[in-house]
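Step one of this worksheet: look at the structure below.
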Amino acid sequence: MKANQFGKKGWTPDRIDNLNGKTFIITGTTSGTGFEAAKILLSKGAKVVMLNRNSKKAEDIIVTLKQELGNDIDVSNIQMDLSKQASVKKAAEEVLKTIPQINALICNAAIAQVPKQTLTEDGWESQMGTNYFGNWTLQALLFPLIEKSKGRIVTVGSMGYDMGIKTINFDDLNWDKGYVPNTAYSQSKLAQIMTIYELQDRLKEAGNTDVKAYACHPGASRTNLINTSGSFMMKIMFYLMMPLTQSAEKGAYPQLMCATEENLDQEGFYGPTGRSNWVGPVGAHEIKPHAKDKAVAKRLWELSEKETGVKWNI
Ligand SMILES: NC(=O)c1ccc[n+]([C@@H]2O[C@H](COP(=O)([O-])OP(=O)(O)OC[C@H]3O[C@@H](n4cnc5c(N)ncnc54)[C@H](OP(=O)(O)O)[C@@H]3O)[C@@H](O)[C@H]2O)c1
């Protein structure tokens with residue numbers, strides 16, 4: 001195994017310099033890794049714009065953050081339901097209208113392990129519609145401002161990319177035949193990661209070095225993920241796995257690293273490097289070839305343009 005470029009302890013937020021004057025947009029900050037990431041960015045002086053579906057929860061989070069970090073922090077929320085294309089478009093429009101720069105867009109929000117096949121209002125299986133198509137549209141619409149700001153796109157994936165069928169089920173994207181919660185979740189997280197590496201290729205082809213794109217994951221972290229959308233059985237399973245997991249704060253480190261660390265290799269996949277990549281020092285680690293399968297990634301990109309009607313202006 002290659003030595004961790006950040007030493008034995010791996011990457012930690014001590015490496016983040018003062019972030020005064022920098023703006024981070026982060027999705028899903030009402031709990032888990034998103035909350036912890038927002039808190040650390042704010043503690044370093046950044047401006048943080050949160051995109052959350054539940055405005056009341058977001059207001060409460062702002063109160064909590066101010067109690068912990070002081071009233072001077074620069075934090076706000078724009079309402080966005082990632083599962084609804086109309087809501088994503090509206091939120092992106094508001095960001096473009098009101099926020100002058102984006103140093104990094106951190107795509108953190110997601111749902112997981114939805115017990116029964118459910119379709120979004122746009123007609124996609126809920127995990128694919130929220131985790132994948134929601135982020136597709138958000139990233140593509142904010143791309144011009146990220147480019148203008150010479151910023152980054154950070155996608156929070158999952159080791160689930162290496163579970164399920166390990167490719168995209170183009171013939172039955174919604175799993176009308178044989179829906180399995182973890183398989184559908186895994187496909188949505190694989191799709192998110194594949195699109196980041198495909199985006200890198202497209203930026204390179206266009207000679208665009210202004211935007212950087214990163215894929216990472218939080219390992220196995222104690223958050224609300226399973227509680228929000230998982231089945232009763234899944235909740236029990238996650239409870240039993242608890243001793244093998246890490247804190248939500250540690251789970252936030254990979255996305256913080258990808259959003260702030262200078263000269264980080266975009267081709268890497270970042271997360272905990274310990275047991276099963278669930279816990280341990282944060283750094284780059286192996287990514288299996290199916291996540292960078294060029295033919296699948298290209299087909300997925302074209303399909304996404306068609307499905308959403310949203311194209312990237314690269
Ligand atoms: N925890 C883990 O072990 C683990 C493992 C692998 C990958 N991940 C990934 O880590 C990321 C963060 O998850 P987490 O573990 O911190 O879970 P979490 O505590 O459940 O946080 C998820 C966040 O996403 C938000 N969200 C869910 N659906 C949304 C929607 N339709 N629109 C807008 N926001 C929405 C939630 O908001 P509400 O409060 O409104 O529900 C919450 O703020 C996800 O991308 C997940 O796939 C986590």
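Every residue, every condition in (1) of a type in the set (V, I, T); (2) surrounded by fewer than 20 Cβ atoms within 10 Å (Cβ to Cβ); (3) within 12 Å of the ligand (Cβ to nearest atom), yes or no:
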site	(1), (2), (3)
T195	yes, no, no
N277	no, yes, yes
V296	yes, yes, no
E305	no, yes, no
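Among the residues of region 65-124, the ones that are closer than 22 Å to V156 by Cβ, of a type in the set (G, A, S) and outside any helix (DSSP H, G or I) come to 6 in all.
Comparison of K212, K250 shows that the only residue that is within 22 Å of I287 (Cβ to Cβ) and free of Cβ contacts under 8 Å to residues at least 60 places away in the same chain is K250.
Selection over region 202-217 of residues that are under 15 Å from the mean Cα position of the chain (by Cα) and either over 18 Å from A191 (Cβ atoms) or more than 6 Å from the ligand (Cβ to nearest atom) (or both) gives a count of 5. Across region 244-256, the qualifying residues are those that are near the ligand (Cβ under 10 Å from one of its atoms) and of a type in the set (A, V, I, L, M, F, W, C), and the one among them that is surrounded by the fewest Cβ atoms within 10 Å (Cβ to Cβ) is A248. Could you tell me whether L199 is under 30 Å from K150 (Cβ atoms), more than 15 Å from the ligand (Cβ to nearest atom) and assigned to a helix (DSSP H, G or I)? Criteria met by L199. Taking region 251-282 as the range and being hydrophobic (A, V, I, L, M, F, W, C) and modelled with pLDDT under 95 as the test, the residues that pass are W278, V279.
Here's the yes/no breakdown for (1) surrounded by 22 or more Cβ atoms within 10 Å (Cβ to Cβ); (2) in contact (Cβ under 8 Å) with a residue 24 or more places away in the chain; (3) more than 17 Å from the chain's Cα centre (by Cα); (4) more than 14 Å from the ligand (Cβ to nearest atom):
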site: M241; (1), (2), (3), (4): no, no, yes, no
site: C258; (1), (2), (3), (4): yes, yes, no, no
site: E267; (1), (2), (3), (4): no, yes, no, yes
site: P289; (1), (2), (3), (4): no, no, yes, yes
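Please work out if D81 is within 11 Å of the ligand (Cβ to nearest atom), surrounded by 15 or more Cβ atoms within 10 Å (Cβ to Cβ) and charged (D, E, K, R). Yes; evaluated as a whole, the condition is true for this residue.
Within region 1-33, track down each residue that is of a type in the set (A, V, I, L, M, F, W, C) and loosely packed, with under 12 Cβ neighbours inside 10 Å. Selection gives M1, A3.
Among helices (runs of 4 or more DSSP H) entirely within region 208-314, having at least 3 residues that are out of contact with any Phe, Trp or Tyr (no Cβ under 9 Å at 6 or more places or on another chain) and not acidic (D, E) singles out 232-241, 294-308. Selection over region 30-78 of residues that are away from the ligand (no atom under 14 Å from the Cβ) and either within 15 Å of the chain's Cα centre (by Cα) or among the hydroxyl-bearing types (S, T, Y) (or both) gives a count of 2. A count restricted to region 90-140 and to residues that are within 15 Å of the ligand (Cβ to nearest atom) and not polar (S, T, N, Q) stands at 25. The sole residue among I168, I146 that is more than 14 Å from the ligand (Cβ to nearest atom), surrounded by 19 or more Cβ atoms within 10 Å (Cβ to Cβ) and not in a helix (DSSP H, G or I) is I168. Looking at region 250-258, is at least one residue within 27 Å of I146 (Cα to Cα) and basic (K, R)? Checking region 250-258: at least one residue is within 27 Å of I146 (Cα to Cα) and basic (K, R). In the set (1) more than 11 Å from the ligand (Cβ to nearest atom); (2) under 22 Å from L225 (Cα atoms); (3) in a loop (DSSP other than H, G, I, E, B), the condition left unmet by K177 is number (2). Cβ-Cβ distances below 7 Å connect the following pairs, each with a first residue in region 149-166 that is under 21 Å from G134 (Cβ atoms), a second residue that is among the hydroxyl-bearing types (S, T, Y) and surrounded by fewer than 19 Cβ atoms within 10 Å (Cβ to Cβ), and a separation of six or more residues or different chains: G164/T183.
The values are calculated or read from the model by the stated rules, or taken from the named source; none is laboratory data. Treat the numbers as computed from the prediction; the structure is a model and nothing was measured. Methodologically, a virtual Cβ is constructed for each residue, glycine included, from the backbone with ideal geometry; neighbour enumeration extends over all protein chains shown.
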